[in-house]
Every structure is written in structure tokens, then in C-alpha cells.
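Asker: One structure, pasted below without further comment.
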Amino acid sequence: MKTSFKLITFIFAVSMLFLFTACGEDANNNNNEKDSLNQDVTEINEDNLITYLVPSPKDMFAFTKEGDLKYSANVLNAKDNADKYIDTKSQEIGFGIYSADLAYTAAFNQTNTAGEYLKVVESLSDKIGLGSVFTESLINRFKKIENKDSLLKVTNDTYYDIVKFLEDNDRNTSLSLISVGGWVESLYIVTNLQDKYQKDNNIIQLIADQKNIFENIVLSLQQREADPNVADLIQELQAVKTVYDGLEVIKIENPNVKNAKANQIIVGGSTKIVMTETQFNQLKKAMADVRNKLAGSDV
Amino acid sequence: MKTKLIYIIALFLVFPLFSDAQSKCSDFFRYRRPEAPYEYNDQSSSAVCVTGQTYEFILPLTKGKDFRLKFYAAAVFNNKINFKIIDESTHETVLDLPGESPARAEGTCVLADYYNEDNGKSLHPYFDFYPATSTTLKIIIEVLPVPQEESDNPNVKKQAKMNRGCVTVVVLDKPSENSSF
């Protein structure tokens, strides 16, 4: 009984404190509207007013699997590299890298390899506090996969669950590091599979079009560059930035919009990002350098 | 009986501490799902917004896919939100609509459901985009201020009310038909 009384007294005291604080704010509002508005506005982090969106690795592979590119296991990050990731930054970036490998193997229907990479992703997820996403039901879904579509669906659903979990827990920096790891690995894979430069090639254009996405990645990281891990990562990406900054955006006329439907809003079409053979080779090298640095233990 | 009463009183006293629960966006995850033939796109995002502020979502669109955008907002905003979408490659405004319009008809608002005569159902507005080349959309979401309350008492100044809630941008995509990819 004594304990219950103490509990009520404590809760009552906390509630009254909350109530009086709230009332105090109301009083301020009445006295000075401008001050009250300023008070509320200062609660908002200015950086949160702009959200830079970045697609997941599956988007890149959705295109490449339809093209002429052939699957190669050589481009995957070695599974035992995961043991070298000892700090949170390398674990989160590594998680993004292995998630991209998982998406790549799933897109090319490599069920056995996908299973092996799922285990690596699951193991890393425990280390970075995402273990709860990998429920027994998810693992069982993976075991029962019968075709390419269900393999893709399970890997996509897993990525979605991770994003939801991170958003829900306000782990935006973790989400940024994972996104960067995923994007770097995806583009590393594609620039390696597309061995040589070809003019008017869809995959080369896809790589050039990553300029828009890369700009979003950098701007998103810059919002969090007070974090030393993020500031370091921006530096790591500098060589890639130099190449993408150098790509020319040219004006084009008569864009091909014949596939657009009546109810669709047509966007783009007046400009095109152009990548030369030299720039492709520079990007390929820059991507290999940054990916090997991030995927190795040197992070 | 006494214990039950204690818990009820405790719950009653604690409740106000959690009344800001709508400032989390987890309730809005239910809108972020695929809608055949469109697949869910991971660029979908939610943000906690407050009245009187303007928010931007910078969304890159890749050629070779058709995109569908849908928007949802917390009831606390009463659909008093303006939406503008600018195509960054042309700098043209391609959409400029309120959250709710008096007509509540297709293509006139972004948040209020409308009656679709073709299938006799109520539909949530959606907007389809075809990127002729890869581009970036700037989505500008202006959460309108709540009208200030007037007072007859000259000693009481106008009072501005701030509401906080979630706004969600749902991005869906599917491969473009006859796409060269």
C-alpha cells in the first residue's frame, strides 16, 4: 500500500510539473505571440525542412537485369570482410554493402548465394541493433522461396522493414550510412559488369543519371556532417564527386515521350546528362577505390 | 479493487504525457505499400511537420520507370496544406494544388478522397509521372498556419496555435511500357 501511495504521489508530481510547464507556455503565448512563435520554430531542426531521398539498391539492379549484363560473383564483397567491421560506422556501411549484394544476387536469381549473403546481413544486423527485423518468420519465408519473384519480394520487404525500423527510431544517420554503403556497392557492381564504355548505351546512361542521386546523397550527408563519421565519409566520396560534378548536362530537343500516357505528367526531357569515355573510366576507378576502402577493414 | 483503482488513476494522470503521440510517423507506414501494378519505392518518406512551416522533399526519378505519388497528412492539419512540385531540369511547376478543394474532384486536390464515377468508389488522389529523361522533382509542402483566434479583450493579444503531425510522401513505380531498359 505504501508503495502504491508513493507511485501515485510520484506520477501526480510529474503530471503537475508537465501541466504547469504547458500552462506556462500558454501564458507566454498570451503575452507575446511573436516570442511564442519563435520558441516553437527553434524546436525545429532546420535541416529537417529538406529531405533528400535516395533509392534502394534494388532500383539499380531492376534495370541491369533486363539488359545485357551477365551475373558475376567476383564483384561481391567477400563474406569474411564482415568480421573486420568493428566500429558502428563500418558495420552500418558494411550492412548497406551486403544489402546491395543481397539485392544483386536476388535480381539475378542466385538463390544459394543470396541465402549466404542473407546470413551475413542478419549477423551484421544484430551488431547494429536491427536484429529484431530478422524475425523467425522472415527467415522461414526465405527458406521457402521457390522462384525469382518471391526471392526479390523477400529481399525487398526486408530492406523496407529496416528503413521503417530506422525511421521509427529516429536513426537517420544510420539510415544515411546504410544508404551510402548500398549505393556505393550497387554502382561498383554495375560499373564493373559494364566493362567498356559504349556511346548511346542504356547502362552507361543509367550510370550517368546517378549524378542526380549522388547529389542527393552528398546533400543528405552534409546535413549530418557534424558527426565525424559522416564528415569522414564525405571526404571518402570526394573523388566520385569530382567526376560527377564534371558531367555535362546538355539541352535536348524533341524528347521521346511517345510512351507517356494521357494521365501522366511528363517531366524531364529537356536535358540529358552526358558521360564521356574518359569520365566513365575515371568514375569506374573512383568507385573501385571508395568501395574497396569502405568494404575492407580500412574504414 | 483498490489496486485496480490505483492503476486507473495512474493511467489517467500519465495520459497527458503521451498526447503528442501523433508526432511519430509509424501510424503512416500502413500507407506505404505496393499497389499493383505499381511496386513500393523505398524513396517514400515521412516527416514530422508543424503548422506555418514549409518542407521540401528532393526526389530523383530515373528514366525507364513510371512513377506514382500519393500524399497523406495527419488529421490535425485538417488538409490545410499546399503542395507544389517543380521539375528541377526544366524549373517548371508541374503540380500546384491544395490539400482539399471545394469540388473534391479528381485532379483538384491532393489529400481529400474523391468519388470515382467509373468504379463507384471513393479514391485517394494520386499523380502519375513519366520521366522522359532522368530528372529530379522538388516537392514543396507548405503546412498552412492555423487561423489566429480573435479576442474581444484588448489586453489579450492574438494567439497563434501550433499543430504538429506527420506528412507522408508515398512513391510507387513500375517499369515503363516499351521501355528501352
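The values are calculated or read from the model by the stated rules, or taken from the named source; none is laboratory data. Only a predicted model underlies this, so the values are computations on that prediction, with no experimental measurement involved. Virtual Cβ from ideal backbone geometry, glycine too; neighbours counted across all protein chains shown.
Asker: When the residues of region A:60-105 are narrowed to those that are within 20 Å of the chain's Cα centre (by Cα) and surrounded by fewer than 16 Cβ atoms within 10 Å (Cβ to Cβ), which ends up farthest from A:Asn156 (Cα to Cα)?
Answerer: Going through the qualifying residues, I end up with A:Asp87.
Asker: Let me ask something else. Do we have A:Ser220 as buried (at least 23 other Cβ atoms within 10 Å of the Cβ) and closer than 25 Å to A:Ile50 by Cα here?
Answerer: So A:Ser220 does not fit the description; no.
Asker: Is it the case that A:Ala226 is closer than 15 Å to A:Ile273 by Cβ and small (Gly, Ala, Ser)? Talk me through it step by step, then tell me what you get.
Answerer: Numbers: closer than 15 Å to A:Ile273 by Cβ: no; small (Gly, Ala, Ser): yes.
For A:Ala226, the condition - closer than 15 Å to A:Ile273 by Cβ and small (Gly, Ala, Ser) - is not met.
Asker: Pick out the one residue from B:Lys65, B:Lys84, B:Lys80 that is of a type in the set (Lys, Arg), surrounded by fewer than 21 Cβ atoms within 10 Å (Cβ to Cβ) and touching a residue at least 60 places away in the same chain (Cβ under 8 Å). Show your work before the answer.
Answerer: Values: B:Lys65 fails: surrounded by fewer than 21 Cβ atoms within 10 Å (Cβ to Cβ); B:Lys84 fails: touching a residue at least 60 places away in the same chain (Cβ under 8 Å).
One residue alone meets the criteria, B:Lys80.
Asker: Tell me yes or no: at least one residue of region B:139-152 is modelled with pLDDT of 85 or more and in a loop (DSSP other than H, G, I, E, B).
Answerer: Initially, region B:139-152 is screened for residues modelled with pLDDT of 85 or more, giving B:139-145.
Then drop every residue that is not in a loop (DSSP other than H, G, I, E, B), which leaves B:144-145.
For region B:139-152, residues modelled with pLDDT of 85 or more and in a loop (DSSP other than H, G, I, E, B): present.
Asker: While we're looking at this one, here's another question. Quickly run through region B:105-128 and pick out the residues that are among the small types (Gly, Ala, Ser) and under 17 Å from the mean Cα position of the chain (by Cα). Reasoning before the result, please.
Answerer: First, pick out the residues of region B:105-128 that are among the small types (Gly, Ala, Ser): B:105, B:107, B:112, B:120, B:122.
B:Gly107, B:Ala112, listed by residue number.
Asker: Six or more apart or on different chains, Cβ atoms under 6 Å: show the pairs whose first residue is in region A:211-225 and facing another protein chain (nearest Cβ under 7 Å) and whose second is of a type in the set (Val, Ile, Thr).
Answerer: Hits for this filter: A:Asn212/B:Thr136; A:Asn216/A:Val54; A:Asn216/B:Ile58.
Asker: Looking at (1) surrounded by fewer than 22 Cβ atoms within 10 Å (Cβ to Cβ); (2) at pLDDT 95 or above, which one does B:Gly107 not meet, given that it meets all the others?
Answerer: (2)
Asker: Here is a follow-up. Scanning for something out of contact with any strand residue (DSSP E or B) (no Cβ under 6 Å at 6 or more places or on another chain) and part of a loop (DSSP other than H, G, I, E, B), does region B:68-78 turn up at least one residue?
Answerer: Within region B:68-78, one or more residues are out of contact with any strand residue (DSSP E or B) (no Cβ under 6 Å at 6 or more places or on another chain) and part of a loop (DSSP other than H, G, I, E, B).
Asker: Okay, next question. What's the number of the only condition in (1) of a type outside the set (Ser, Thr, Tyr); (2) surrounded by fewer than 20 Cβ atoms within 10 Å (Cβ to Cβ); (3) over 23 Å from B:Phe67 (Cβ atoms); (4) modelled with pLDDT of 95 or more that A:Glu215 fails to meet?
Answerer: It is condition (3) that A:Glu215 fails.
Asker: Still on this structure, I have one more. For region A:35-62, enumerate the residues that are at pLDDT 70 or above and over 20 Å from A:Arg171 (Cβ atoms). Give the derivation first.
Answerer: Going through region A:35-62, the residues at pLDDT 70 or above turn out to be A:49-62.
A:Lys58, A:Asp59, A:Met60, A:Phe61, A:Ala62 - these are the residues of region A:35-62 that are at pLDDT 70 or above and over 20 Å from A:Arg171 (Cβ atoms).
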